[in-house]
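The values are calculated or read from the model by the stated rules, or taken from the named source; none is laboratory data. Bear in mind the structure is a predicted one, so any value in this text is a computation, not a measurement. All Cβ positions, even for glycine, are placed from backbone atoms using ideal geometry, and neighbour counts span all protein chains on display. Only protein heavy atoms, including side chains, enter the accessible area calculation; ligands, DNA and RNA are left aside. Shrake-Rupley method; radii C 1.70, N 1.55, O 1.52, S 1.80 Å.
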There are 2 protein chains.
Amino acid sequence: MDRCSILDCTLRDGGYITDWYFGEDTIRNVIKGLSLANLDYVECGYLNPSETKKGMAVFHDIEMIGDYFPNINKKPFMLAMADCAQILPEQITPYTGKSIEGIRVVFYKHQIKEALELCRSVKKQGYKLFVQPMVTIDYSYKEYGELIDRIRELEPYGVSIVDSFGYMDKKDFQDYFKLLDDKLERNTAIGFHSHNNMQLAFITAQDVLDYKTERQIVIDASLLGMGRGAGNLNTELITNYYNRLLGTKYDIRKIMEVISSEIMPIAKKHTWGYSPYLFLTGIYHCHPNFACYLLENHEVTVEEFEEFVKFIPREMLTKCRRPYVERLYEEFSRRS
Amino acid sequence: MDRCSILDCTLRDGGYITDWYFGEDTIRNVIKGLSLANLDYVECGYLNPSETKKGMAVFHDIEMIGDYFPNINKKPFMLAMADCAQILPEQITPYTGKSIEGIRVVFYKHQIKEALELCRSVKKQGYKLFVQPMVTIDYSYKEYGELIDRIRELEPYGVSIVDSFGYMDKKDFQDYFKLLDDKLERNTAIGFHSHNNMQLAFITAQDVLDYKTERQIVIDASLLGMGRGAGNLNTELITNYYNRLLGTKYDIRKIMEVISSEIMPIAKKHTWGYSPYLFLTGIYHCHPNFACYLLENHEVTVEEFEEFVKFIPREMLTKCRRPYVERLYEEFSRRS
């Protein structure tokens, strides 16, 4: 595997666009297309034992994911994501070799305790463990260092820096990377998960090439950048870029085929991607859903939205629930 | 002026989206907003003596541009573009200090002779001269070197590398830059004009920061990336990025105000920006209008479009006229 590898998370992070309902054929075709395109890692969806609908990229049982795998020799490293609010440690069934090889455990800062329990179970059951602490920038360097000390003991396969809100800049990434690079074992991969609110995801994926490290770097991306709000780094862009710059051998043709047959039909019905509203949430370091939720129900100009963002109480900037946004906007409208 | 400065070309390159009809108020407001935002350069539109409609960012007379300037002290360096197919050397009227300060002369490779005549007139009439040879990558290094030798004699203020079709990569930019840097006088600026077919415009604007040169660099950008096909580098993104990285003082607030009041109403009626079709034109080094023209009249999947692009005769890849695209697609459809 090359030093810089790419993890496609279309079915997982792109799922926010379709409520994870892709249909069985699309799940199968996306996994197959990405496999034939030589992607390094494919994240197939979320694990959630209470979810039972067919055709969703949310799986109630680990083994069912294997049924979607293509019948080809060289497959990518297959993963699923486990959110510690959705699955209990005892619900992780043992690794059989017939389904996913790794599990990414994702959690917020207030969930560290439960998350580490889940991580231990993932390891114990024989999976490669990826640890994904969301909103990395929410941790002070001291807090992050302490967290990493605890994660290191679990011998993870990889740990990711997660720019959940798309406003981490070059120096932020470098600083958190340095912390990880200093503390983690040499064979632990470091991942980057970005969002495109300020269109920095592609730039970040270029910046890491300058990092002085022998470690494996794993860059998250999704087809057409499919994902919440401003979306993610585009798989087709970064694979092509790395092919040209690093001589990797991703098959862009196969990637475009799966975009054409599986993602474009979704893009006709749903939108995602950069907008000046999401740029402003980046500028003001607030949760992008303040834009997404508000614009669902209100006609708000970019200028008014900027005023609204400045009206959000500091302590609420990264906490965004739909009814709160609505209530706050009412209050804002009365005042202004 | 900082070493890296930004030229907003919304009214000029964004004009392709509205056929340059913005209306007088919008032209005035955009120029004013960008001025208040401390943009370094503002390109106000095209010069074209045969164009007479009011409210277009195409000006039949140089002096009329000055009427749009805001009544403020610190104004950006104001420019207009002169296409050597649209204006004759003798139609450049003398510099008066009441309108634009500089003129960017733009031309294709087969127009070098006429273009240099026009350049000479621009200089003679007292304007700062910017030379903009389109589709830079169409020139071999030898041809480009010879062209630059001739341009240098004109004592230009600046010369730009123009990635008209959005497929120049990091090394291409470096190589053409080196040629320019070796040949041009030390006080001549070097410009970068990119398109976003492969979303490389932002990356290019970051890459230039690593160039070892004391020269002034001028980066072209437009509000919301407004421009043909995949559009340009977004002014709001690059100004904010440079503010954070270089400590420049662009007023992002003012930029967002002008986006809100002047550009968003246009974005509601017209679309531009990245698409997988335009990405393919980048991959296959063909004119993006093969996608734009075709999709106006036909439902074509991404996969079919890739086949169509491969069907375009090599010598026609960068030559794109509407009737030709239509004819070729008919031929393609019969065959496949």
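Give the residues of region B:206-264 that are at the interface with chain A (Cβ under 9 Å from one of its Cβ atoms) and among the aromatic types (Phe, Trp, Tyr), sorted by residue number. Passing the criteria: only B:Tyr241. Across region B:265-281, the qualifying residues are those that are touching a residue at least 40 places away in the same chain (Cβ under 8 Å) and open to solvent by less than 30 Å² (accessible area, probe 1.4 Å), and the one among them that is nearest to the other protein chains (Cβ to nearest Cβ) is B:Phe279. Among the residues making up region B:283-303, a single one is part of a helix (DSSP H, G or I), without any contact (Cβ under 8 Å) to a residue 12 or more places away in the chain and either within 14 Å of chain A (Cβ to nearest Cβ) or in contact with a Phe, Trp or Tyr (Cβ under 8 Å, 6 or more places away or on another chain) (or both): B:Glu303.
Scan B:Glu331, B:Glu262, B:Glu306, B:Glu315 and give me the residue that is under 18 Å from A:Val258 (Cα atoms) and either open to solvent by 20 Å² or more (accessible area, probe 1.4 Å) or out of contact with any strand residue (DSSP E or B) (no Cβ under 7 Å at 6 or more places or on another chain) (or both). Please lay out each step first, then the result.
On the way: B:Glu331 fails: under 18 Å from A:Val258 (Cα atoms); B:Glu262 fails: under 18 Å from A:Val258 (Cα atoms); B:Glu315 fails: under 18 Å from A:Val258 (Cα atoms).
Being under 18 Å from A:Val258 (Cα atoms) and either open to solvent by 20 Å² or more (accessible area, probe 1.4 Å) or out of contact with any strand residue (DSSP E or B) (no Cβ under 7 Å at 6 or more places or on another chain) (or both) holds for just one of B:Glu331, B:Glu262, B:Glu306, B:Glu315, which is B:Glu306.
Residue check: A:Tyr95 meets all listed conditions (1) under 21 Å from the mean Cα position of the chain (by Cα); (2) hydroxyl-bearing (Ser, Thr, Tyr); (3) surrounded by fewer than 19 Cβ atoms within 10 Å (Cβ to Cβ) but one, namely (1). Yes or no: B:Gly145 at pLDDT 95 or above, at positive phi and over 15 Å from the mean Cα position of the chain (by Cα)? So B:Gly145 fails the test.
Within region B:282-303, can you find the residues that are of a type outside the set (A, V, I, L, M, F, W, C) and open to solvent by 10 Å² or more (accessible area, probe 1.4 Å)?
Going through region B:282-303, the residues of a type outside the set (A, V, I, L, M, F, W, C) turn out to be B:282, B:284-285, B:287-289, B:293, B:296-299, B:301, B:303.
Selection gives B:Tyr284, B:His285, B:His287, B:Pro288, B:Asn289, B:Tyr293, B:Glu296, B:Asn297, B:His298, B:Glu299, B:Thr301, B:Glu303.
All told, A:Lys249 falls short of being free of Cβ contacts under 8 Å to residues at least 12 places away in the same chain and more than 19 Å from B:Gly166 (Cα to Cα).
Yes/no matrix, rows are residues, columns are (1) more than 30 Å from A:Ser275 (Cα to Cα); (2) at pLDDT 95 or above; (3) not assigned by TED's automatic domain parsing to the domain that holds A:Ile31:
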| residue | (1), (2), (3) |
| --- | --- |
| A:Gly102 | yes, yes, no |
| A:Gln111 | yes, yes, no |
| A:Tyr167 | no, no, no |
| A:Lys170 | no, no, no |
| A:Tyr176 | no, yes, no |
| A:Phe192 | no, yes, no |
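Within region B:123-167, being more than 24 Å from B:Lys98 (Cα to Cα), small (Gly, Ala, Ser) and surrounded by fewer than 19 Cβ atoms within 10 Å (Cβ to Cβ) holds for B:Ser140, B:Gly145.
For region B:8-55, residues that are modelled with pLDDT of 95 or more and either basic (Lys, Arg) or not assigned by TED's automatic domain parsing to the domain that holds B:Gln206 (or both) total 3. Taken across region A:165-176, residues that are under 18 Å from the mean Cα position of the chain (by Cα), away from every other protein chain (no Cβ under 14 Å) and within 15 Å of A:Ile190 (Cα to Cα) do occur, with at least one present.
Can you pull out the residues in region A:204-233 that are acidic (Asp, Glu) and part of a loop (DSSP other than H, G, I, E, B)? Spell out the reasoning first.
Our first condition is that a residue be acidic (Asp, Glu); within region A:204-233, this holds for A:207, A:210, A:214, A:220.
A:Glu214, the sole residue that qualifies.
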